[in-house]
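Visitor: This is the structure I have questions about; it appears just below.
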Amino acid sequence: MAIQEKCRIEDHKQVGPRHYKLTLASQYLASHAQPGQFVNVRCCETSDPLLRRPISLHRIDAQKGMIELLYEVVGRGTELLSKKPVGQELDLLGPLGAGFKIDPAKKIHLMAGGGMGIAPLRALAEQVTGRGSRVAGQAVYILIGAKNKESLIGEDELRKTTDQVQTATDDGSAGKKGVVTDLLLDFLDSQLSVTSYPLSVIYACGPRLMLKAVAEIARQKKIDCQLSLEERMACGIGACKGCPVKTVSGYKMVCKDGPVFDAKELVWN
Amino acid sequence: MAIQEKCRIEDHKQVGPRHYKLTLASQYLASHAQPGQFVNVRCCETSDPLLRRPISLHRIDAQKGMIELLYEVVGRGTELLSKKPVGQELDLLGPLGAGFKIDPAKKIHLMAGGGMGIAPLRALAEQVTGRGSRVAGQAVYILIGAKNKESLIGEDELRKTTDQVQTATDDGSAGKKGVVTDLLLDFLDSQLSVTSYPLSVIYACGPRLMLKAVAEIARQKKIDCQLSLEERMACGIGACKGCPVKTVSGYKMVCKDGPVFDAKELVWN
Amino acid sequence: MELAGIELKNPVMVASGTFGWGREYADYLDLNKLGAIVTKSITLLPREGNPPPRIVETPSGMLNSIGLQNEGLDYFLKEDLPFLAKFATPLIVNIAGESAEEYAELAKRLSRETAVKGIEVNISCPNVKKGGMAFGVDAGLTKEVIAAVKKATSQPIIAKLTPNVTDITVIGQAAVDAGADALSAINTLVGMAIDIETGGSRLGTLTGGLSGPAIKPVAVRMVYELARAVNVPVIGIGGIMSGGDAAEFLLAGAQAVEVGTANFVDTAAPLRILAELNDHVHRHPRALNLS
Amino acid sequence: MELAGIELKNPVMVASGTFGWGREYADYLDLNKLGAIVTKSITLLPREGNPPPRIVETPSGMLNSIGLQNEGLDYFLKEDLPFLAKFATPLIVNIAGESAEEYAELAKRLSRETAVKGIEVNISCPNVKKGGMAFGVDAGLTKEVIAAVKKATSQPIIAKLTPNVTDITVIGQAAVDAGADALSAINTLVGMAIDIETGGSRLGTLTGGLSGPAIKPVAVRMVYELARAVNVPVIGIGGIMSGGDAAEFLLAGAQAVEVGTANFVDTAAPLRILAELNDHVHRHPRALNLS
Ligand SMILES: Cc1cc2nc3c(=O)[nH]c(=O)nc-3n(C[C@H](O)[C@H](O)[C@H](O)COP(=O)(O)OP(=O)(O)OC[C@H]3O[C@@H](n4cnc5c(N)ncnc54)[C@H](O)[C@@H]3O)c2cc1C
Ligand SMILES: Cc1cc2nc3c(=O)[nH]c(=O)nc-3n(C[C@H](O)[C@H](O)[C@H](O)COP(=O)(O)OP(=O)(O)OC[C@H]3O[C@@H](n4cnc5c(N)ncnc54)[C@H](O)[C@@H]3O)c2cc1C
Ligand SMILES: Cc1cc2nc3c(=O)[nH]c(=O)nc-3n(C[C@H](O)[C@H](O)[C@H](O)COP(=O)(O)O)c2cc1C
Ligand SMILES: Cc1cc2nc3c(=O)[nH]c(=O)nc-3n(C[C@H](O)[C@H](O)[C@H](O)COP(=O)(O)O)c2cc1C
Ligand code: FES
Ligand code: FES
């Protein structure tokens, strides 16, 4: 069950050119949220901007009663958010949506993040590896794509969760020159045996075109694949029918039925 | 001439229950503003609240290149303003309007402020007394009315400019129990000889009803009187015709023709 | 309190399409405490709705182009009504159709349900190609639809009006003449938002419906006009975010209000607004002073 | 650039009533750089305007009830025109009247002035008891006023339309049929704000005109509808605060824009908006993709 709650800002750091990490105190969210779920954040008290902003859970620490959000300033809502000082309270609604599903039959976890798409992958990786400590028989590989070196956020932190982190940038200023699907294809073709495919699962989050390409790769290679989608939202709780995504069984709501969907369910156009 | 300018916040202090003093760096405003003039302040960058907020110049310090504003949080604009930290810049338009006129023939300056109406009187008192040091032959008396002790703001500071400060509160929790016009009447009747009336001038700023009462007293006693009015504003520069006040020669604009008017000009209803 | 024969628990209801089927908000507030629940518009057959994006934020408002996505009447009766029937709060079902016959059929079948206490007739949805607002901008068609619904049901009928007209009192009067027991106003204003990068609409459709605080001044004005023109109760809708906003509509002549977009911003909105309104009314027992 | 026979310096003009007589803004920006100056509405005789308060802020907008306060045509010709004539910027004079004859008389006398390059006919002011919007909500009266003005002048005529209508293209077409060389849209939406402490209007009048970012989605939609319906240029107005907003109107089909309420927020608004627009157009040489 989700709740609407005012949470104290415990930490708020700039971690990239327009990127921030926000730590919030919430025993409820920290104990109930699942990787892939999100919170709907009220960025201001006046009516402009009016709507909440959906942000994924980047880290979920039940022990400390803390959650972390990782976000990029792209417009007015996130701009206002970035100005909020430590100590102030933030009005959150969450945890919302259906997160990633961890299938115990899968041993190889490939996580592909494009841009800010890496945000929910940290929580996921920590969940799979038991919050930081590696779990025997479970391999986590993280593939990150970004525009350039500066916008490659969180790599070091992800390495704390798995030593298998590969990066690509559009301009080659860090990691491989190329996009995250290049890394994925390369990995599947040269670092994973075809016999491991049934034991593997791909989780991806990022721009729509990237997700479409990942879905296509997964389909071709017959690998299970879960995608975290984005859509403009109003309510965030399935009430307004504002955030549809086309699936094989008609429109589903990204906020409620997702944001994580099985790639096989989705209809691209 | 007024300009639109971003000014750095040099100091910002809470000085009462909902009252703040804001010090801004602006050589231009500090050198050009006259007591009774105001600045039109942009309280937020988004479109809600949309319009600027008019605030009087509380102090004008050409030497330091600083101005001070004294304001009360009464709504969303002033609320947002009160949150602005030192170091941030504030978008100001000013100095605007016609301020108090200091007539060299007047020797006795009676200043009556109700509530936040004392804000412009500080600058005026400092002007009359030559910024803090008493000027021979010029007497400045300041009468302040407020709801209660807590909202009696700036008394101590005003005493630095003149030792003639009298106060009244509605509930008698400080100074005399009563309103500022009680102080004024009392002063005129028992502390000033009728022969001094022609050498005297009353300046008043405060709620409309108070100003109306002050105007009536001045009319009866035949004392010159200047009143600083308030009206809802949009442009602040005489362009929109949004802030009319009825005068003997038709509607005039508070922002441009005022905010200070000769009491004789005004038509009350 | 009673409004057009419906026993409201209080004057603060939730607006159609902004509160889902109640279920979605049940975790966040006690549905028993609402003035009434107004459902999202229901159509005879399931509707898939419009392509995404369906939401664009605008200054102090939002455009939506949902397009009446819903599972249709049968599904509603089977899946949603039993849930809603559990609450002590009166249920008002909002209906939309492409013809007067469809509206009548919906009304007829809904009035068989004892849980349904009133029918709000949406003749003002701007997001569908057929029906919806096309009725509500035309006094003749308004009459036709409302008269058909009136014949089909003995339930109280609320005609929900569109603000996209020159004179809302003409449409309101037509609805009353045809048998509407109350009017609700306003539905959304038709608006557009263009993506300046692509040159295309920022919605999946060309236009959408504008709601939220931005439209409140227009809504208050239209409610005021209606309340003076017709002799049935008017329900005020449009940009209500606070008890003060609700009070404004009541002062304008509304007997009750519906809270819409505010639900998205604050899941507790209707009950917060009710508490603020009660508090205000307490401090101002009687304040109505419009010339 | 040329618009309906007027040589605009660029597509960003200032909107009537929000830029005074130019003079008020001369300290803040170079009037020579504006696309055109549109004056506040001028009436034949002086008008005192409405009682205060005349301004109420609303979410992302404002209501005004100025009521066309101005000193009348004679005063304008004597005191304001000589000042405005000094600038290289084309001058468009906005006129308002209580009858077709008054509009015609204004147009006739203004067209004798060589400094006047065009006449904007305000048939959309919501803040006067007679004339104004009463014309602009009625296709017949619109035709009557515009035809009278057309007969009285050979200057380019811009009919300024009200959004408070069911179908703005009907009024727009009527204006074009009667001889309008261009249309400008929109004037303000009629709105109300009630003081919940007193129960009275927060304006000195009962209603006011809503302007600012809040109305932009409605304005863009109406400009889009007009641009597709008529074969004269359309000037977009309503809530333009940035170059992006201006671009939105151009993409919707406007040939130029007028900046209104933004002038109150930022005295440099029109030139900032022009710079931002040029920058945008530079990055997006051709982006127009509305279905
Ligand atoms: C389920 C979900 C989880 C998300 N998680 C994160 C996260 O962890 N970190 C992060 O930085 N961002 C995340 N986003 C995207 C984030 O919600 C948007 O960047 C944010 O809402 C933009 O708000 P704004 O006011 O700053 O920008 P706006 O001014 O509203 O828009 C600026 C641009 O941002 C894009 N945008 C705006 N809203 C959305 C939206 N709801 N979905 C997608 N794109 C949008 C649009 O392209 C728009 O042009 C997530 C979105 C969803 C739907
Ligand atoms: C020339 C002038 C000088 C002023 N100087 C000062 C000053 O030095 N210190 C100070 O604290 N205040 C001053 N004011 C009043 C100040 O402008 C308002 O308090 C402020 O605009 C309120 O903004 P808000 O958003 O906080 O309140 P809002 O939410 O806009 O309104 C809250 C309440 O404040 C009042 N109010 C709002 N705007 C105005 C206005 N323009 N004039 C009068 N009352 C208004 C109304 O009663 C309203 O109900 C001055 C006003 C004028 C016109
Ligand atoms: C997302 C959304 C969906 C809506 N769906 C419906 C609907 O199905 N039927 C209807 O009559 N009104 C619908 N409306 C209109 C609202 O009920 C209400 O009339 C309007 O939004 C104005 O109120 P507000 O400003 O408080 O939101 C919808 C509004 C929104 C924002
Ligand atoms: C204070 C004010 C005064 C106005 N006066 C006039 C006027 O005299 N004549 C006119 O045609 N329009 C007048 N308007 C309407 C504007 O020109 C413009 O059409 C409207 O405000 C919408 O644009 P905006 O949202 O950019 O302000 C006025 C608007 C405002 C806010
Ligand atoms: S945002 Fe309302 S249904 Fe998803
Ligand atoms: S505020 Fe515009 S004329 Fe005074």
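The values are calculated or read from the model by the stated rules, or taken from the named source; none is laboratory data. Please read all numbers here as calculations on a predicted model, not as lab measurements. A quick note on method: Cβ atoms are made from the backbone with ideal geometry, for glycine too, and the neighbour counts reach across all protein chains shown.
Visitor: Could you look through region D:133-150, keep only residues that are crowded, with 24+ Cβ neighbours inside 10 Å and either of a type in the set (Val, Ile, Thr) or touching a residue at least 60 places away in the same chain (Cβ under 8 Å) (or both), and pick out the one that is farthest from residue D:78 (Cα to Cα)?
Guide: Only one residue fits best here, namely D:142.
Visitor: Still on this structure, I have one more. When residues of region A:213-235 are filtered for being among the small types (Gly, Ala, Ser), in contact with a strand residue (DSSP E or B) (Cβ under 8 Å, 6 or more places away or on another chain) and either within 12 Å of ligand 3 (Cβ to nearest atom) or farther than 30 Å from residue A:49 by Cα (or both), how many remain? So that I can check it myself, show each step before the final result.
Guide: Start the filter on region A:213-235 by keeping residues that are among the small types (Gly, Ala, Ser), which leaves A:213, A:215, A:218, A:228, A:234.
Applying the additional criterion that residues be in contact with a strand residue (DSSP E or B) (Cβ under 8 Å, 6 or more places away or on another chain) yields A:215, A:218, A:228, A:234.
With the extra rule that they be either within 12 Å of ligand 3 (Cβ to nearest atom) or farther than 30 Å from residue A:49 by Cα (or both), the set shrinks to A:215, A:218, A:234.
Going through region A:213-235 one residue at a time, the tally reaches 3.
Visitor: Does residue A:256 satisfy the criteria of being basic (Lys, Arg), modelled with pLDDT of 95 or more and assigned by TED's automatic domain parsing to the domain that holds residue A:166?
Guide: Values: basic (Lys, Arg): yes; modelled with pLDDT of 95 or more: yes; assigned by TED's automatic domain parsing to the domain that holds residue A:166: yes.
Here the answer is yes, as residue A:256 does meet what is asked.
Visitor: Which numbered condition in (1) over 22 Å from residue B:238 (Cα atoms); (2) under 17 Å from the mean Cα position of the chain (by Cα); (3) at pLDDT 95 or above is the only one that residue B:14 fails?
Guide: (2)
Visitor: Do we find that residue C:227 is facing chain D (nearest Cβ under 10 Å), of a type in the set (Gly, Ala, Ser) and not in a loop (DSSP other than H, G, I, E, B) in this structure?
Guide: Working: facing chain D (nearest Cβ under 10 Å): no; of a type in the set (Gly, Ala, Ser): yes; not in a loop (DSSP other than H, G, I, E, B): yes.
No; evaluated as a whole, the condition is false for this residue.
Visitor: Report whether or not residue B:113 is out of contact with any Ser or Thr (no Cβ under 9 Å at 6 or more places or on another chain), within 21 Å of residue B:35 (Cβ to Cβ), crowded, with 23+ Cβ neighbours inside 10 Å and touching a residue at least 60 places away in the same chain (Cβ under 8 Å).
Guide: Details: out of contact with any Ser or Thr (no Cβ under 9 Å at 6 or more places or on another chain): yes; within 21 Å of residue B:35 (Cβ to Cβ): yes; crowded, with 23+ Cβ neighbours inside 10 Å: yes; touching a residue at least 60 places away in the same chain (Cβ under 8 Å): yes.
The answer is yes for residue B:113.
Visitor: Run residue D:220 past the list (1) within 7 Å of another protein chain (Cβ to nearest Cβ); (2) within 12 Å of ligand 4 (Cβ to nearest atom); (3) out of contact with any Phe, Trp or Tyr (no Cβ under 9 Å at 6 or more places or on another chain) and report the number of the one that doesn't hold.
Guide: (3)
Visitor: Is it the case that region B:80-102 has a residue that's among the acidic types (Asp, Glu) and over 16 Å from residue B:7 (Cα atoms)? Step through it out loud before you land on a result.
Guide: Going through region B:80-102, the residues among the acidic types (Asp, Glu) turn out to be B:89, B:91.
When the remaining residues are screened for being over 16 Å from residue B:7 (Cα atoms), the result is none.
The answer is no, given that none of the residues of region B:80-102 is among the acidic types (Asp, Glu) and over 16 Å from residue B:7 (Cα atoms).
Visitor: State the number of residues belonging to region D:57-74 that are at the interface with chain B (Cβ under 7 Å from one of its Cβ atoms) and either touching a Ser or Thr at 6+ places or on another chain (Cβ under 8 Å) or crowded, with 23+ Cβ neighbours inside 10 Å (or both).
Guide: Taking region D:57-74 first, the residues at the interface with chain B (Cβ under 7 Å from one of its Cβ atoms) are D:57, D:59-62, D:64, D:66, D:69.
With the extra rule that they be either touching a Ser or Thr at 6+ places or on another chain (Cβ under 8 Å) or crowded, with 23+ Cβ neighbours inside 10 Å (or both), the set shrinks to D:59-62, D:64, D:66, D:69.
Final tally of qualifying residues: 7.
Visitor: Got at least one residue in region C:63-72 being within 16 Å of ligand 2 (Cβ to nearest atom), more than 26 Å from residue C:140 (Cα to Cα) and not charged (D, E, K, R)? Walk me through how you get there before you give the answer.
Guide: First pass over region C:63-72, keeping only residues within 16 Å of ligand 2 (Cβ to nearest atom): none.
Within region C:63-72, none of the residues are within 16 Å of ligand 2 (Cβ to nearest atom), more than 26 Å from residue C:140 (Cα to Cα) and not charged (D, E, K, R).
Visitor: Next question, about the same structure. Give region A:48-78 a look and list any residue that's more than 18 Å from the chain's Cα centre (by Cα), in contact (Cβ under 8 Å) with a residue 40 or more places away in the chain and surrounded by fewer than 17 Cβ atoms within 10 Å (Cβ to Cβ), or say none.
Guide: Within region A:48-78, just A:65 meets the criteria.
Visitor: Ok, one more. Can you pull out the strands (runs of 3 or more DSSP E) entirely within region A:225-269 that have at least 1 residues that are under 18 Å from residue C:64 (Cβ atoms)? Break it down stepwise before answering.
Guide: Details: elements: A:244-247, A:250-253, A:260-262.
Here the list reads A:244-247, A:250-253.
Visitor: Out of (1) out of contact with any Phe, Trp or Tyr (no Cβ under 8 Å at 6 or more places or on another chain); (2) at pLDDT 95 or above; (3) surrounded by 21 or more Cβ atoms within 10 Å (Cβ to Cβ); (4) over 24 Å from residue D:19 (Cβ atoms), what's the single condition that is false for residue B:184?
Guide: (2)
Visitor: Additional query: Which residue is nearest to residue C:136 (Cα to Cα), if the candidates are limited to region C:189-217 and must be within 10 Å of chain D (Cβ to nearest Cβ) and hydroxyl-bearing (Ser, Thr, Tyr)?
Guide: C:207
Visitor: Here is a follow-up. Of everything in region C:25-46, what is surrounded by 18 or more Cβ atoms within 10 Å (Cβ to Cβ) and at the interface with chain A (Cβ under 10 Å from one of its Cβ atoms)? Give them in sequence order. Walk me through how you get there before you give the answer.
Guide: Of the residues in region C:25-46, the ones surrounded by 18 or more Cβ atoms within 10 Å (Cβ to Cβ) are C:25, C:28-29, C:31, C:34-44.
The answer is C:25, C:28, C:29, C:40.
Visitor: Using the structure shown, decide if residue C:232 is of a type outside the set (Lys, Arg), over 24 Å from residue A:233 (Cα atoms), assigned to a loop (DSSP other than H, G, I, E, B) and modelled with pLDDT of 95 or more. I'd like the intermediate steps shown before the answer.
Guide: Numbers: of a type outside the set (Lys, Arg): yes; over 24 Å from residue A:233 (Cα atoms): yes; assigned to a loop (DSSP other than H, G, I, E, B): yes; modelled with pLDDT of 95 or more: yes.
Answer is yes for this residue.
Visitor: Still on this structure, please answer the following. Which members of region A:193-251 meet the condition of being polar (S, T, N, Q) and within 14 Å of another protein chain (Cβ to nearest Cβ)?
Guide: At the first step, the residues of region A:193-251 found to be polar (S, T, N, Q) are A:193, A:195-196, A:200, A:220, A:226, A:228, A:247, A:249.
Passing the criteria: A:247, A:249.
Visitor: Would you be able to tell me the number of residues in region A:1-50 that are more than 30 Å from residue A:149 (Cβ to Cβ), within 14 Å of chain B (Cβ to nearest Cβ) and touching a Gly at 6+ places or on another chain (Cβ under 8 Å)?
Guide: The qualifying residues number 4.
Visitor: Does residue D:108 satisfy being modelled with pLDDT of 95 or more, basic (Lys, Arg) and either crowded, with 24+ Cβ neighbours inside 10 Å or touching a His at 6+ places or on another chain (Cβ under 9 Å) (or both)?
Guide: Values: modelled with pLDDT of 95 or more: yes; basic (Lys, Arg): yes; either crowded, with 24+ Cβ neighbours inside 10 Å or touching a His at 6+ places or on another chain (Cβ under 9 Å) (or both): no.
No, not satisfied.
Visitor: OK, next. Looking at region B:34-72, which of its residues are within 16 Å of ligand 6 (Cβ to nearest atom), in a loop (DSSP other than H, G, I, E, B) and of a type in the set (Gly, Ala, Ser)?
Guide: B:36
Visitor: Ok, one more. Of all residues being among the aliphatic types (A, V, I, L, M) and more than 24 Å from residue B:202 (Cβ to Cβ) in region B:231-269, which is nearest to ligand 5 (Cβ to nearest atom)? Just the residue, please. It would help to see each step written out before you state the result.
Guide: Of all residues in region B:231-269, those among the aliphatic types (A, V, I, L, M) come to B:233-234, B:237, B:239, B:245, B:248, B:253-254, B:260, B:263, B:266-267.
Within this subset, residues satisfying the condition of being more than 24 Å from residue B:202 (Cβ to Cβ) are B:233-234, B:237, B:239.
Numbers: B:233: 39, B:234: 36, B:237: 43, B:239: 42 Å.
Result: B:234.
Visitor: With buried (at least 22 other Cβ atoms within 10 Å of the Cβ), touching a strand residue (DSSP E or B) at 6+ places or on another chain (Cβ under 9 Å) and without any contact (Cβ under 8 Å) to a residue 60 or more places away in the chain as the only criterion, which of C:264, C:249 stands out? Steps first, answer last, please.
Guide: Numbers: C:264 fails: without any contact (Cβ under 8 Å) to a residue 60 or more places away in the chain.
The conditions single out C:249.
Yes/no matrix, rows are residues, columns are (1) modelled with pLDDT of 95 or more; (2) on the phi > 0 side of the Ramachandran plot; (3) of a type in the set (S, T, N, Q); (4) within 14 Å of ligand 1 (Cβ to nearest atom):
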site	(1), (2), (3), (4)
A:190	no, no, yes, no
A:199	no, no, no, no
A:214	yes, no, no, no
A:220	no, no, yes, no
A:226	yes, no, yes, yes
A:229	yes, no, no, yes
A:235	yes, no, no, yes
A:238	yes, yes, no, yes
A:242	yes, no, no, yes
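Visitor: Among the residues of region C:238-287, what is the count of those that are within 10 Å of chain D (Cβ to nearest Cβ), in a helix (DSSP H, G or I) and of a type in the set (Gly, Ala, Ser)?
Guide: Looking only at that region, the number is 5.
Visitor: Which of the residues belonging to region D:77-102 are under 23 Å from residue D:32 (Cα atoms), more than 18 Å from the chain's Cα centre (by Cα) and touching a residue at least 40 places away in the same chain (Cβ under 8 Å)? Break it down into steps so the answer makes sense when it comes.
Guide: First, the residues of region D:77-102 that are under 23 Å from residue D:32 (Cα atoms): D:77-95.
Filter again for more than 18 Å from the chain's Cα centre (by Cα), leaving D:77-83, D:85-88.
Within region D:77-102, D:80, D:83, D:87, D:88 meet the criteria.
Visitor: Need the failing condition index for residue A:91 against (1) crowded, with 20+ Cβ neighbours inside 10 Å; (2) assigned to a strand (DSSP E or B), just the number.
Guide: Every listed condition holds for residue A:91 apart from (1).
Visitor: While we're on this one: If we scan region C:151-165, do we find a residue that is without any contact (Cβ under 8 Å) to a residue 12 or more places away in the chain and either surrounded by fewer than 23 Cβ atoms within 10 Å (Cβ to Cβ) or under 21 Å from residue D:138 (Cα atoms) (or both)? Steps first, answer last, please.
Guide: Applying the first criterion (without any contact (Cβ under 8 Å) to a residue 12 or more places away in the chain) to region C:151-165 yields none.
Among the residues of region C:151-165, not one is without any contact (Cβ under 8 Å) to a residue 12 or more places away in the chain and either surrounded by fewer than 23 Cβ atoms within 10 Å (Cβ to Cβ) or under 21 Å from residue D:138 (Cα atoms) (or both), which makes the answer no.
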